[in-house]
Protein chains: 2
Amino acid sequence: MTLSTERLLDEVGWQLLAALQQDARTPLSELARRVGLSAPAVAERVRRLEDAGIIRGYRAELDLARLGLPLSAWIRLTIDGQRDEPFLKHAAQAPEIHSCDRVTGTDCFVLRVVVSDVAHLERTISALKAYGSPITSLVLSSPVTRRDVEGPR
Amino acid sequence: MTLSTERLLDEVGWQLLAALQQDARTPLSELARRVGLSAPAVAERVRRLEDAGIIRGYRAELDLARLGLPLSAWIRLTIDGQRDEPFLKHAAQAPEIHSCDRVTGTDCFVLRVVVSDVAHLERTISALKAYGSPITSLVLSSPVTRRDVEGPR
DNA sequence: ATTGAAAGTAAGGTCTA
DNA sequence: TAGACCTTACTTTCAAT
């Protein structure tokens, strides 16, 4: 936590982050009302949170099932030999791979894949076998999908 | 894919979803410019995407490391006996658990946890041992953090 | 198309180091 | 007195009827 960010993350800063995590399209004027500051002051605050890299962006959250992508899975992938680079190239452009983390342990990578049906899942897994050994777990439900970050309590 | 959603997901609909995934705070007037429709028409389109549940909401994406949470981990949790319910209660309120999916296979649950340091990670894992056997993989880097959903190509 | 709300701009005031 | 942070006043842009 650097010096410059500390000033930003006071009571008001965390209130703004809470509101924008909940609804990123909240108008600045509404944010101003909630934190008890003028609209220009809040606009400046938000701009500085963005400039400091604390706010990385604003994203619409979509319902994947309603977009024809009802199946999600976790795939743990152990890479064979020295195939990291070709795999990363594949991961960067494969539309099914929604996230990919390099992790400790023998698994090497943890992937979140999102597909339209089991045939699509099969193709996705097969493609991964070119780089290593995948272990797949289909997502049955998601008791916790997203947790907002809270300030110091 | 129901009948009502099909009408929404034409060329323009997907253009709107693409823009809002990229920057959820894009003004409606700007969206209108990009898709070549009037502002009221676009406002109506977006409202219908929301009402159909295709757009679930708008979220600010934060940099967790800059907020004092530099460590993330995947934890696979095999639940002992019939302790699903107490575990789900725990998961629903634990601030470290950012996502939790029930999955096929022996793992039962896949958790994304976000913590401030290794001591915090240790406490988080210890707490999980009340419900089952956790296997932890620390995230080293994230080659793919988020993939936008694209329409039919 | 009109009207009220919201966002952006500019100038100035207060507090602190 | 310099700088950080806020306010008010004003103009432009946006959004809804």
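Dipole of region B:18-103 computed with +1 at Lys/Arg Cβ and -1 at Asp/Glu Cβ about the Cα centre; of B:Val42, B:Ala19, B:Ala92, farthest Cα towards the positive end is B:Val42. Full extension of the chain segment joining A:Thr104 with A:Ser133 gains 8.8 nm, where the gain is 0.36 nm per residue of separation less the Cα-Cα distance.
The distance linking region B:94-109 with region B:121-153 is 9 Å (Cα centroid to Cα centroid, whole angstrom). Accessible area buried by the pairing of A and B, both sides summed with a 1.4 Å probe, works out to roughly 5700 Å². Axis angle, to the nearest 10 degrees, between helix A:84-93 and the longest C-alpha principal axis of chain A: 60 degrees.
Give me the accessible area per residue for the protein assembly as shown, probe 1.4 Å, as a whole number in Å². Don't skip to the end; give the middle numbers.
Values: 15350 Å² over 306 residues.
I get 50 Å² per residue for this part.
Rounded to the nearest 10 degrees, the inclination of helix A:39-51 to the longest alpha-carbon principal axis of chain A is 30 degrees.
Counting only other residues whose beta carbon sits under 14 Å from that of A:Ala39, what net charge do I get with K and R as +1, D and E as -1?
Result for the local shell: +2.
Based on the reciprocal of the average 1/r between different C-alpha atoms, the Kirkwood radius for the protein assembly as shown equals 21.0 Å. The calculated FRET efficiency for A:Ser116 paired with B:Glu61, based on their beta-carbon distance and R0 = 35 Å, is about 0.85.
Indicate the residues belonging to region A:60-80 that lose 40 Å² or more of solvent-accessible heavy-atom surface (probe 1.4 Å) upon moving from the chain alone to the assembly of all protein chains, ignoring ligands and nucleic acids. When all protein chains are present, A:Ala60, A:Glu61, A:Leu62, A:Asp63, A:Arg66, A:Leu67, A:Trp74, A:Arg76 each give up 40 Å² or more of accessible surface. Carbon-plus-sulfur accessible fraction, chain A (probe radius 1.4 Å, protein heavy atoms only): 52%.
The values are calculated or read from the model by the stated rules, or taken from the named source; none is laboratory data. As the structure is a computational prediction, the values presented were derived from the model and not from experiment. Because the Cβ atoms are built from the backbone with ideal geometry, glycine has one as well, and the counts that use them run over all protein chains shown. Protein only, heavy atoms only, side chains kept; ligands, DNA and RNA dropped before computing areas. Shrake-Rupley method; radii C 1.70, N 1.55, O 1.52, S 1.80 Å.
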